[in-house]
Structures are given as structure tokens and as C-alpha cells.
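Notes follow the structure.
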Amino acid sequence: MAAVDSIVAEPASDEELIERICGNDYSAFDLLYERYFPRVCGYVNRRLGNRADAEETVQEIFINVFSSLDSFRGDAPFVAWVLGVSRRTVASRFKKKQHVTVPLEDSEANVPDTQLATALHGEPTPLEHYECTERIARMEATARKELSEEQWQLFALHHLEHRPVREIARVLDRSEDAVKSHLYRARKLLLAG
């Protein structure tokens, strides 16, 4: 009795699978899905921490991957492209989230924002933490690039050291209107960034 050697085919490369998908072989997408699902799922779980949101987001990511597959140019590894789609999808979910505003009573006016948020909502969710971290990074980059030294100084005195405009104007020998104008321009630049 002759033994028949079974031939094990090597897995198709990402590029081969993409080519097959573009040729309407949608079973190739299942292979890509199986290949990248654990990595994408891990990435999303680390950022969101909520299983239901994470599952929904992972599905949205793979829909985005499939629908924009023709934009993959192959300049970088496919895994980097998939994780880029993942990052953008997670970030867009943060942007879509409606933020609840809470009117401040006079007694709460002197409580720093982070303490107030923690007091009202408990500990921040992983989503809120990620969103805050991303926003701070964007604002810091914008501050370094766009703000003049004087604008940064005024912004830091007013928003980081919580000094009133009147005191800043007196210390820097400026009019209150000039300080307010510089603060307005600095905030506008930071929020646009």
C-alpha cells in the first residue's frame, strides 16, 4: 500500500487575498478577517474596555476595511494599513459621541474640571480617558507649532494656573481687552488643531 503524501498549501499572502477579493472572490475576505480579527479585536478592546462597544467597533472596522480595500496601495505592510483603519474608526466613534454638559452651580465654580468630572461621573471610562489623551496630544502639538511665546504664557497663566484676566493684565502691564484678545486667539488655534 503506497502512502500518499498530503500536500499542505502555504497560506496566501495578504496581497494575493486582496487581489482575489478585488476579483470578486469574497471567500478571500473571510481569510483576511480570520487573519486580522485577533489583532484588531485586541487593539479595540484595549481602547474601549466595553465588550459591546468593542464588538460593534470591530465589525465597523472590517466593513471599513472591505469598503476601502481598493485604496490600499501596498506602500506599507497590510497590517499597518488595517491598524490605521482601526485607529481612524475608533477615533471617529469618539467624535460621534455626544458629550453631556452639566451646568455649574456657583459652589462648584472653583472645583477643577477633572475633579468635577470624577465627582459627577465616577472614574472616567477607558473611552473618555483615550479621548482626553488624544485631545491633549493634539493641543500640545498645536501649542508648540502655532502659539507665540506670549500667547502660550497668557494661556498658561489663565487656564493652567487659573489666574484671573485682571491679575494677568496687571502683572504683564497689558490692558484686560488685550489679554482677552490674545487668550481668544490662543484658544481658537488650540481648538482648531
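Taking 0.36 nm per residue of sequence separation and subtracting the Cα-Cα distance, how much length would be gained by fully extending the chain between ILE63 and THR142, in nm to one decimal? List each step's numbers first, then the result.
On the way: separation 79, 0.36 × 79 = 28.44 nm, distance 3.24 nm.
Residue separation times 0.36 nm, minus the Cα-Cα distance, leaves 25.2 nm.
Taking every eigenvalue of the Cα gyration tensor of region 14-96, multiplying by 5 and rooting it, what semi-axes result, largest first, whole Å?
Its equivalent ellipsoid spans semi-axes of 23, 13, 11 Å.
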Cα-projected label distance for SER13 with LEU160, points at 7 Å along beta-carbon direction, nm: 4.9 nm
Can you sort THR125, THR89 from fewest to most other Cβ atoms within 10 Å of each residue's own Cβ? THR125, THR89
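Read-outs: derived from the displayed coordinates by stated rules, not from any lab. The model shown is predicted, which means the values in this text are computed figures rather than measured ones. Heads up, the Cβs are rebuilt from the backbone with ideal geometry, glycines too, and the neighbour counts pull from every protein chain shown.
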